[in-house]
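Read the structure below first, then the notes.
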Amino acid sequence: MKLFITGGAGFIGSNFIRHILSLRKGYKIVNYDKLTYAGNLANLESVAAHPDYSFVKGSICDANAAEEAMRGADAVVHFAAESHVDRSIYEPAPAIDTNVTGTFVLLQLARKLRIERFVHISTDEVYGDMLPGAFASENSPLQPSSPYSASKASSDLLVLSYVRTYGLPAVITRSSNNYGPYQFPEKFLPLIITNIFDDKALPVYGDGKQQRDWLHVEDNCRAVLAVLERGRIGEVYNIGGLDVEENLTIARTLLRLIGKPETLLTYVKDRPGHDRRYALLCDKMEKDLGWKPEVPLETGLRQTIDWYKANAKWLAGVRDGEYLSYYEKYYQNRDSSLRSFTHRG
Ligand code: NAD
Ligand code: TYD
């Protein structure tokens, strides 16, 4: 089966490509990725020469290039996105272009090229804030809060409209916050881990009591593979780690595991529109596809810390000029102690 994967050079996509190549024979993978600041072929060094893997550089917004690369594919797994909430708040256009228009381009191509299965990778953020103690099921209303989550909700609705109107054989996954190896350190968990390594201030937005459901990326990869192979057309599947924790608890746990003092915690100006709580019901994945998360949070956190420690070269490569200017630009108004990334706080 020829599998067209978009965004395979990013965090989850690259983990998924390694996952599928290590578990399955018979998939020929084409990884189509624009290589934005978040896309990194170093994530795929271990499979770059694999006979069943190839890479094509291109944007999902470029219909001609995407068509050429997708031609002959049986199935699509669509990871490509502008995936960072903070960036989407400061500059929404790239999220709308890639997440909405780019998905539309792919849906049109999937119809034209008679793709047999289209797996659209979405997020729990489309449900917006959950009340304390509440959990989102696949039928919960879509109430996105940020330009990022609104763009993902829009793309989900486009996908569902193509299932209904054109009979496109598509399925949607909505996962919670992933963590694990190869995550770009703009996201909370790797940012906190790598700042702890450097004895740098840890930027905690607002009171730090926002809650997220943490999912190890390997658990998500197993889930996406199950949905690709056995998911029911037209269905949405929630995928969560079932471990809902406050951000502050996560930061404190990481400090404890790495052995650094809590004085590094620094409360900074909150993110505008910040969702207070995400939490998912994932019964459908368990009942229909026999999937449930397997990596306990503390085990996963330890493994992730070890991975970042062991991969200093990779980390230095991604914390280059673009990352430094991002850090300066996005954190400078939050707290003066965070201003300089290069000098210890
Ligand atoms: P990421 O930012 O690490 O990677 C995104 C990849 O998409 C990069 O390789 C980038 O180069 C590529 N890309 C961006 N714009 C493109 C374009 N126009 N054309 C082609 N490629 C393009 O993201 P991630 O964390 O791996 O997330 C992957 C998917 O999972 C996204 O759709 C995201 O919305 C979703 N998701 C992520 C999380 C999470 O915790 N990271 C949680 C739920 C859902
Ligand atoms: P993030 O990794 O950006 O994922 P998302 O917003 O998609 O859930 O952030 C996870 C949580 O951590 C979220 O509540 C925002 C918070 N956060 C901080 O407190 N400080 C930071 O520097 C970052 C990046 C996030």
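Give segment 1-36 a look and list any residue that's part of a loop (DSSP other than H, G, I, E, B), modelled with pLDDT of 95 or more and of a type outside the set (A, V, I, L, M), or say none. Gly7, Gly8, Gly10, Tyr27, Lys34, Thr36 - these are the residues of segment 1-36 that are part of a loop (DSSP other than H, G, I, E, B), modelled with pLDDT of 95 or more and of a type outside the set (A, V, I, L, M). Here is a list of conditions, (1) within 16 Å of ligand 2 (Cβ to nearest atom); (2) exposed (fewer than 14 other Cβ atoms within 10 Å of the Cβ); (3) of a type outside the set (Val, Ile, Thr), and Ala310 meets all of them except one; can you say which number that is? Answer for Ala310: the failing condition is (1). Within segment 179-202, the set of residues being surrounded by 23 or more Cβ atoms within 10 Å (Cβ to Cβ) and not in a helix (DSSP H, G or I) comprises Tyr179, Gly180, Tyr182, Gln183, Leu202.
One residue stands out among those in segment 1-33 that are more than 10 Å from ligand 1 (Cβ to nearest atom) and among the hydroxyl-bearing types (Ser, Thr, Tyr): the one that is nearest to Ile121 (Cα to Cα), which is Tyr27.
Counting the residues of segment 58-104 that are of a type in the set (D, E, K, R) and within 16 Å of ligand 2 (Cβ to nearest atom) gives 4. Among all residues of segment 190-198, there is at least one that is within 12 Å of ligand 1 (Cβ to nearest atom) and within 18 Å of Arg256 (Cβ to Cβ). Taking the condition aliphatic (A, V, I, L, M) and outside any strand (DSSP E or B), does Ile172 pass? Answer is no for this residue.
Scan segment 248-284 for residues that are part of a helix (DSSP H, G or I) and within 14 Å of ligand 1 (Cβ to nearest atom) and jot them down. Residue satisfying the conditions is Ile250 alone.
Quick check on segment 105-124. Is at least one of its residues under 22 Å from Arg232 (Cα atoms), within 16 Å of ligand 2 (Cβ to nearest atom) and among the charged types (D, E, K, R)? For segment 105-124, residues under 22 Å from Arg232 (Cα atoms), within 16 Å of ligand 2 (Cβ to nearest atom) and among the charged types (D, E, K, R): present.
Comparison of Ser155, Ser161, Ser140, Ser149 shows that the only residue that is at pLDDT 95 or above, more than 16 Å from ligand 2 (Cβ to nearest atom), of a type in the set (Gly, Ala, Ser) and assigned to a helix (DSSP H, G or I) is Ser161.
Every listed requirement among (1) surrounded by 15 or more Cβ atoms within 10 Å (Cβ to Cβ); (2) more than 22 Å from Glu186 (Cα to Cα); (3) within 11 Å of ligand 1 (Cβ to nearest atom) is met by Ala95 save one, (2).
Every listed requirement among (1) surrounded by fewer than 18 Cβ atoms within 10 Å (Cβ to Cβ); (2) over 27 Å from Gln108 (Cβ atoms); (3) touching a helix residue (DSSP H, G or I) at 6+ places or on another chain (Cβ under 6 Å) is met by Tyr166 save one, (2).
Condition check ((1) over 29 Å from Glu186 (Cα atoms); (2) at pLDDT 95 or above; (3) not in a strand (DSSP E or B)) across all residues:
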site: Pro51; (1), (2), (3): yes, yes, yes
site: Glu68; (1), (2), (3): yes, yes, yes
site: Ala73; (1), (2), (3): yes, yes, yes
site: Glu82; (1), (2), (3): no, yes, yes
site: Asp86; (1), (2), (3): no, yes, yes
site: Arg114; (1), (2), (3): yes, yes, yes
site: Ser122; (1), (2), (3): no, yes, no
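The values are calculated or read from the model by the stated rules, or taken from the named source; none is laboratory data. None of these values were measured; they are calculated from a predicted model. Please note: Cβ atoms are built from the backbone with ideal geometry, for glycine as well, and neighbour counts cover all protein chains shown.
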